[in-house]
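Novice: Below is one structure. I have some questions about it.
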Amino acid sequence: MAIANATMTVTITESVSLNGTNRGNTITKTISNIHDVMERIITVPTSEITLYSTHASAVAGSTFDLDFIKYVRITNKDASNYIILRVTNAESDEFAYKLAAGESFILHGHAASTEMSAAGGAGAPDQNITSVEAQANSGACDVELIVASVNS
């Protein structure tokens, strides 16, 4: 039996009351034709590991087609330790992001037209995201990972 495509709904809500005035908003994004979802809890050690990677055609296991990724969320489930996320593109340019305990990091498309640039200015993004790695600072951290992609 073939897997049917589904619609994914992502909702982000901020809510704060400052001096008696409610602030914040709810943003909802709907992503249609989701066909592949990987959801895992991964223990990130103090040495760097690859959470997932992308490729243009060799797709299997935790390697996704870079053109089809539509949503990624990485949440540090640890109570006190942070992790460093390293996002790398096809030219081996990278950026690192410190994800504190309890925080989440969201990425959307991974193809050159939507994501990472190392052009050093206001130019358009020019390289595919090829991998996302993680490393815990002083003790292993559990990380929740969800990757959702379409099939074409």
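Novice: Leaving out ligands and nucleic acids, and using a 1.4 Å probe, what accessible area per residue does the chain come to in Å²?
Specialist: Values: 8450 Å² over 152 residues.
Solvent-accessible surface per residue comes out at 56 Å².
Novice: Show me 18-30, 52-64 ranked by packing, highest mean number of other Cβ atoms within 10 Å first.
Specialist: Details: 18-30: 8.5, 52-64: 14.5.
The densest-packed peptide leads the list: 52-64, 18-30.
Novice: Okay, moving on. Less than 21 Å apart at the alpha-carbon level, and either on another chain or at least 8 residues along: which lysines does that give for residue 98?
Specialist: In chain and number order, the partners are 77.
Novice: Related question: Kirkwood Rh over alpha-carbon pairs of the chain, then Stokes-Einstein at 37 °C and 0.692 mPa s: what D in µm² s⁻¹, rounded to an integer?
Specialist: Details: Rh = 16.8 Å.
Answer, rounded: 196 µm²/s.
Novice: Where a Cα-Cα gap under 18 Å defines reach, which aspartates and glutamates qualify for residue 29, not counting those fewer than 8 residues away within the same chain?
Specialist: Output for residue 29: 14, 115.
Novice: If the elastic network links every pair of Cα atoms under 10 Å, which of 137, 128, 89 fluctuates the most in the Gaussian network model of the chain?
Specialist: Per the Cα network of the chain with a 10 Å cutoff, 137 tops the list.
Novice: How much of the accessible area of the chain, probe 1.4 Å, is carbon plus sulfur, in whole percent?
Specialist: Details: 3970 of 8450 Å².
Carbon plus sulfur share of accessible area: 47 percent.
Novice: In the calculated pair distance distribution of segment 27-73, what percentage of Cα-Cα distances lie above 15 Å?
Specialist: Numbers: 582 of 1081 pairs.
Percentage above 15 Å: 54.
The values are calculated or read from the model by the stated rules, or taken from the named source; none is laboratory data. No experiment lies behind these values; they were computed from the predicted model shown. Please note: Cβ atoms are built from the backbone with ideal geometry, for glycine as well, and neighbour counts cover all protein chains shown. Surface areas here come from the heavy atoms of the whole protein model, side chains and all, with no ligands, DNA or RNA. Shrake-Rupley method; radii C 1.70, N 1.55, O 1.52, S 1.80 Å.
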